[in-house]
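Read through the structure below, which is laid out as structure tokens, and then see the notes.
Derivation of every value follows stated rules applied to the coordinates shown; laboratory data play no part. Computed from a prediction, not measured in an experiment: that's the story for all the values here. Glycine also receives a Cβ, built like all others from the backbone with ideal geometry; neighbour counts cover every protein chain displayed.
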Amino acid sequence: MLHLGIDIDGTITAQDTFVPYLNESFSLSITLEDIKDYDLTKILNISDGDFWEWMNENEPRIYQEALLAEYAKQTLDELKNQHKLIYITARRRHLENITFDWFHKKDVHYDHIEHVGGHDKLEAVFKHKIDVFFEDHHGNATMIAKEANIPVLLFNTPYNQLPTDSNIIRVNSWHEAADWLRKNEKSIETAKSM
């Protein structure tokens, strides 16, 4: 049984989740393809302070209404029978109830959900003895792959196109992620037991 570390936003939720809210609030007409950087202040042309003021106001509704990524639930339903599903999210702790409610409403299995409140997920990765991580944020993927020395499946998006190292595997869908895991779980189990 592997311990799978799984990001939430942009990984199990649809990658374009924020787009309609950004368009509505900032009178834009952008699509996911227009977002080339994880830092949304760049496309919005606003300060960090203004962005976080907007997030404080809109985050709860966005997370409550977020749609699942295509095939995420079906894949996670298959994986839950063989592996531990441990969600490690940058969401802040005051959003825990919204997160748990969303998981229940969407009937998505979890063994544990950890709100780290920022993008440094390493402590949680080590604490939960994560063997493989699923992520959409290039910086997080790079840090986890290097520091924890585990494979990271990076869900391809327009905003994470910087070069990657050998421990990072780009995937385009949950089907691809599950296929990679099936093909590699024996070697990961072996490496884990050494």
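At an R0 of 22 angstrom, the distance between the Cβ atoms of ASN172 and ILE30 translates into a FRET efficiency of 0.55.
For trypsin sites (Lys or Arg not before Pro), the sites in region 125-182 that DSSP calls loop and that have at most 15 other Cβ atoms within 10 Å are LYS129. For region 19-65, the dipole from Cβ point charges (+1 on Lys and Arg, -1 on Asp and Glu) about the Cα centre works out to 80 debye, to the nearest 20.
Under the criterion of Cα pairs below 8 Å and six or more residues apart, the relative contact order for the chain equals 27 percent.
Assuming charge only on the beta carbon of Lys and Arg (+1) and of Asp and Glu (-1), the dipole of the chain about its Cα centre is about 720 debye to the nearest 20.
When both region 168-194 and region 79-149 are represented by their alpha-carbon centers, they are found 17 Å apart. Do the sum for the chain: with -39,500 (n - 2.57) for every DSSP H run of n ≥ 4, divided by all residues, what is the mean residue ellipticity at 222 nm, to the nearest 500 deg cm²/dmol? Rounded to the nearest 500, the figure is -13500 deg cm²/dmol.
Placing dummy labels 7 Å off each Cα toward the beta-carbon, the span from ARG93 to GLN161 is 3.9 nm.
Counting only residues at least eight positions apart within a chain, or on another chain, the lysines with an alpha carbon under 29 Å from that of LYS105 are LYS73, LYS80, LYS84, LYS121, LYS127, LYS129. Beta bridges from DSSP with both residues in the chain: antiparallel share about 5 percent, rounded to the nearest 5. Selection among HIS94, LEU68, TYR110 by position relative to the dipole of region 64-122 gives HIS94 as farthest towards the positive end (Cβ unit charges, Cα centre).
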